[in-house]
Amino acid sequence: MGAELSPIEMAKYVAGRRAADLVEDGMRVGLGTGSTAAWLVKSLGARVRNEGLSITAVPTSSRTAALAREVGIDVVSLEDARWLDLTIDGADEFDPAFNLIKGGGGAHLQEKIVATASDRMVVIADPAKAVAQLGAFPLPVEVIGFGWTASRKLIAEALEGLDVLGRDITLRMAGETPFRTDEGNLVLDLHLGRIGNPRQLALLLNQIPGVVENGLFIDICDAVVIGHPDGRAELRDAEGSEEARVELAESDNLFADL
């Protein structure tokens, strides 16, 4: 291995590497965004180089697209792909029903579009992302720049009647300036602590003027691959769970940039 991984990075690598094995030749695949998804993309690139795997990929962000091209994966738009066989993406939290919070990287709008345009969505995560109830991770809400303070006020009013633990709302920043998504929109992070009814909240947020999309993924994820620092990869779906062991491979050249 080109560099020693921390336990958390090892877990992310294991999840990404195991999920890459779910991809079959000829598939149209959605590629997620984030640190765990980056390991997936690198692992798929290794399969392209070493096995001749032929896939068509639709990235969920500009940075994922750049990495996919760098490792030799054929990248197309969702319009060109039309429909996908599989999307593999990370998550900031997932509950026992496979409901998710996503958007820590600000790409949840494209991620949700790609995931719902797929026959199947698989989430890759480290064990810390598994929660009994969503809400400890701030919930991202993408809003347009025009009138964003009014949208924030309407969101705050909507939260008053909901089963949540906290109601703080912050504008996401990138240094001294507001963070902008690939679409040029802003992100409001909702610090809720606990979300008692994720489905209700997701529907309510998207009815507020100025809101483009929220980071709650309800009834979208079909399975979760959980990577562990000791090399174990657990695949959970509606039928149960199974474990496999992932070995580090020197020849994959996945660690060159670490």
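Add -39500 (n - 2.57) for each DSSP H run of 4 or more in the chain, then divide by its residues: what number comes out at 222 nm, to the nearest 500 deg cm²/dmol? Before the final figure, lay out each step's value.
Numbers: 7 runs with 73 residues, N = 258.
Only helices count here, giving -8500 deg cm²/dmol.
Computed over protein heavy atoms with a 1.4 Å probe, the accessible surface of the chain works out to 44 Å² per residue. Derived scalar couplings between HN and Hα for the range 77-91 equal 7, 5, 4, 6, 6, 6, 8, 10, 6, 7, 10, 10, 8, x, 8 Hz in order, rounded to whole Hz, by the Karplus curve 6.51 cos²θ - 1.76 cosθ + 1.60 (θ = phi - 60°), x for Gly and Pro.
Loop-located trypsin sites (Lys or Arg not before Pro) in the range 69-136 (DSSP state not H, G, I, E or B) with no more than 12 neighbouring Cβ atoms inside 10 Å: 82. Among 99, 50, 206, the largest mean-square fluctuation in a Gaussian network model of the chain, built with springs joining Cα atoms closer than 10 Å, belongs to 50.
For residue 56, the shell of other residues with beta-carbons less than 10 Å away shows a net charge of -2, using +1 for Lys and Arg and -1 for Asp and Glu.
Based on Cα contacts under 8 Å between residues 6+ apart, the chain shows a relative contact order of 24 percent. Projecting label points 7 angstrom from Cα along Cα→Cβ for residue 247 and residue 162 puts them 4.8 nm apart. Residue by residue, the range 114-126 carries 3J(HN,Hα) couplings of 5, 4, 7, 9, 10, 5, 8, 10, 10, 9, 10, 7, 8 Hz when phi is fed to the Karplus relation 6.51 cos²θ - 1.76 cosθ + 1.60 (θ = phi - 60°); x denotes Gly or Pro.
The 3J(HN,Hα) values that the Karplus relation (6.51, -1.76, 1.60; θ = phi - 60°) gives for the range 169-176 are, in residue order, 10, 10, 7, 6, 10, 10, x, 8 Hz. Gly and Pro appear as x. Can you give me the % of accessible surface on the range 1-94 that is carbon or sulfur? Probe 1.4 Å, all protein chains present, nothing else counted. The nonpolar share, carbon plus sulfur, comes to 46 percent. Here the simple spin-label model places points 7 Å from the Cα toward Cβ, and for residue 97 and residue 191 these points are separated by 2.7 nm.
Loop-located chymotrypsin sites (Phe, Trp or Tyr not before Pro) in the range 104-200 (DSSP state other than H, G, I, E, B) with a sparse environment of at most 12 neighbouring Cβ atoms within 10 Å: 146.
Can you list which of the chymotrypsin sites (Phe, Trp or Tyr not before Pro) found in the range 3-111 are DSSP loop residues with at most 10 other C-beta atoms within 10 Å? Please list the in-between numbers first.
Details: sites: 13, 39, 83, 94, 98; in loops: 83, 98.
Passing sites in the range 3-111 are 83.
Largest GNM mean-square fluctuation across 106, 196, 26, computed for the chain with C-alpha springs under 10 Å, falls on 26.
The values are calculated or read from the model by the stated rules, or taken from the named source; none is laboratory data. This is a predicted model, so every value here is computed, not measured. Don't worry about glycine lacking a Cβ; one is built from the backbone with ideal geometry, like all the others, and counts go over all protein chains shown. These accessible areas exclude ligands, DNA and RNA; they are computed on the full protein's heavy atoms, side chains included. Shrake-Rupley method; radii C 1.70, N 1.55, O 1.52, S 1.80 Å.
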